[in-house]
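Read through the structure below, which is laid out as structure tokens, and then see the notes.
The values are calculated or read from the model by the stated rules, or taken from the named source; none is laboratory data. Everything numeric in this text was worked out from a predicted model, so none of it was measured. Glycine also receives a Cβ, built like all others from the backbone with ideal geometry; neighbour counts cover every protein chain displayed. Quick note on the areas: whole protein, heavy atoms, side chains included, nothing else; ligands and nucleic acids left out. Shrake-Rupley method; radii C 1.70, N 1.55, O 1.52, S 1.80 Å.
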2 protein chains.
Amino acid sequence: MTDEPSTAEEIMDGVYRALCAHGYAGLTMQDIADECSKSKSLLHYHYDTKEDLLVAFLDHVISDFEGRVAERADRPPTERLVEFVCWFVFERDESERESFHIALLELRSQGPFNDRIREQLARSDRLLRGTVSEVLVEGIDSGVFRDVDVEETAALLVATLDGARTRQITMAGDESEGPAYTRTVAEATMSRVLEPLLAEGVELPSIAETVESLPARTGEEPGEGRAAGEETMDEDATDEDVMGEGTTDGPAADATDGSTASVTADDEDSG
Amino acid sequence: MTDEPSTAEEIMDGVYRALCAHGYAGLTMQDIADECSKSKSLLHYHYDTKEDLLVAFLDHVISDFEGRVAERADRPPTERLVEFVCWFVFERDESERESFHIALLELRSQGPFNDRIREQLARSDRLLRGTVSEVLVEGIDSGVFRDVDVEETAALLVATLDGARTRQITMAGDESEGPAYTRTVAEATMSRVLEPLLAEGVELPSIAETVESLPARTGEEPGEGRAAGEETMDEDATDEDVMGEGTTDGPAADATDGSTASVTADDEDSG
DNA sequence: GGTCATTGACTGACTGGTCAGTCAGCAGGG
DNA sequence: CCCTGCTGACTGACCAGTCAGTCAATGACC
């Protein structure tokens, strides 16, 4: 229960909000400074370079997701599997999540040019595929899943969900199209990839139910600890999930280290 | 058989090479000018803004892919389907293709911020999903495929392959890992998504065979028309495939409209 | 308990480099 | 001699990073 958000937290929140507002390509140190009501010089005081700051942010976000995965480790494999799928599903009106994932995609596309970013990407890939593998192994051992190729299944699942999300966000200014890309693909994945995995008589929970049951999405759920808040009347919803990774949702913040307020969301901004 | 490459073609080639060499984020007009041995001012003479040039390039690349799809329209559905999968498969040593797809991913991530880019992305999405749908419908009509949900299957297939490629290229500086991501996922897709689609007694060609049978990959195949070449001894390998799209390979150029120069795009206007 | 030194957090103004886009002008063919 | 294709030099904007300095808190010494 520490109170007042530390400067470090405020900066991470600022990066988050600035990324949502300006994307990665259009991100300046000044944007970040503005979002956390600090000076650009302060950012350089804590982080030598912009790259340092962004890498620290990535690390922060992935660690947070890691914590979220760990929290669910003791649930039954069938449920964890569907929850995993649901982390990637998001509707067209979740604009903050969308903005954040767009920025993450921009960041990911810089992996090939930046060792430190790529390192974080690899870490999150390990986390994602590892999580699926773990769930599958547990399910196979306990007899709810058939004895399939675990690594291959994990690779397929992660690629599919990630691909669906990427396509959904890059073409956000849609037009027509029925349900969101991720929704369609998640349903298809359930019936064509996951169900054939089940042992005789076993069933998966539905996506609809599972999505509902997942921890608060941005804007819902009361939220509680409101601390030192200044004029930033932030809700919470900070770090999302991981790289091209988990999908996560809103609040959480440092869910990992149950600390305080955290985040805010999108109120504000530039001009 | 027009001879000397038109300025328009040279510029498109320059954009392609510059994108491969510098990526999209690090791309300057000077880089492009250098790659086609022209001046930066010339680029502005033909295209008012950098954005105009990049959009024209995207359009060029997608049209080229369109032509490539059309060329194969009369092959049997089972083969077209596997060929589609194979367009996305690439090995770790195909570094030019990889560089180009990295740049395309960067470009795609700008879709949400740029209407004209997003328009091209939507176009290529229609092309990709439409192609798969068309193949499926043809196969269902002729009895080689079961009567599945065509749109859902197309969405699943495209998302999966695109996702696999995205993950492979963003973590290129790999470490360990067995076969490339796209290879693993393509195989998994074949056995878990495509094979269950087949009617009794029908079989799909293998990925290995199909990859081999596809038109030249970068660097292979003699290549013929070498014209006006200056010191730019470019192979050819110009436009690849589409957005997050098809995968295509090297040569091709203006396969689509055998016409002359074509391209140029939209010189014109203001100035 | 009052003065002074030190240090950590933080800021505004500045600098140097980069890059898209402009402009005046040149070659050559019709 | 004018028009098209093309160029080199220049400009203005933007931005990461620096620097000199402010301010508050902490602690030391008398």
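Data overview
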| quantity | calculated |
| --- | --- |
| Filtered residue count, the stretch B:45-60, keeping only those that are touching a Leu at 6+ places or on another chain (Cβ under 9 Å) and farther than 14 Å from B:Ala8 by Cβ | 3 |
| Selection within the stretch B:13-27 - away from every other protein chain (no Cβ under 14 Å) and either touching a Ser or Thr at 6+ places or on another chain (Cβ under 7 Å) or within 13 Å of DNA strand D (Cβ to nearest atom) (or both) | B:Asp13, B:Gly14, B:Tyr16 |
| A:Arg92 open to solvent by 20 Å² or more (accessible area, probe 1.4 Å), part of a helix (DSSP H, G or I) and more than 9 Å from chain B (Cβ to nearest Cβ) | no |
| Any hit, the stretch B:31-42, residues being under 21 Å from the mean Cα position of the chain (by Cα), closer than 22 Å to B:Asn114 by Cα, within 16 Å of DNA strand D (Cβ to nearest atom) and crowded, with 16+ Cβ neighbours inside 10 Å | yes |
| Flag for A:Ser6 being among the hydroxyl-bearing types (Ser, Thr, Tyr), more than 12 Å from DNA strand D (Cβ to nearest atom), out of contact with any strand residue (DSSP E or B) (no Cβ under 9 Å at 6 or more places or on another chain) and over 20 Å from A:Leu104 (Cβ atoms) | yes |
| Options A:Val158, A:Val132, A:Val211: the member that is under 14 Å from A:Trp87 (Cα atoms), open to solvent by less than 40 Å² (accessible area, probe 1.4 Å), at pLDDT below 95 and β-branched (Val, Ile, Thr) | A:Val211 |
| The stretch A:47-72: number of residues that are surrounded by fewer than 14 Cβ atoms within 10 Å (Cβ to Cβ) and within 11 Å of DNA strand D (Cβ to nearest atom) | 3 |
| Which numbered condition A:Gly173 fails, given (1) modelled with pLDDT under 95; (2) surrounded by 16 or more Cβ atoms within 10 Å (Cβ to Cβ) | (2) |
| Subset of the stretch B:97-107 (residues that are more than 7 Å from chain A (Cβ to nearest Cβ) and out of contact with any helix residue (DSSP H, G or I) (no Cβ under 6 Å at 6 or more places or on another chain)) | B:Arg97, B:Leu104, B:Leu107 |
| Test: residue in the stretch A:66-77 that is over 23 Å from A:Thr160 (Cα atoms) and within 16 Å of DNA strand C (Cβ to nearest atom) | no |
| Of all residues in the stretch A:32-61 being within 14 Å of chain B (Cβ to nearest Cβ) and more than 14 Å from DNA strand C (Cβ to nearest atom), the one that is farthest from A:Leu127 (Cα to Cα) | A:Glu51 |
| Single condition A:Arg80 does not satisfy, out of (1) part of a helix (DSSP H, G or I); (2) within 14 Å of another protein chain (Cβ to nearest Cβ); (3) among the basic types (Lys, Arg) | (2) |
| Unmet requirement for A:Leu104, which otherwise passes all of (1) away from DNA strand D (no atom under 16 Å from the Cβ); (2) assigned to a loop (DSSP other than H, G, I, E, B) | (2) |
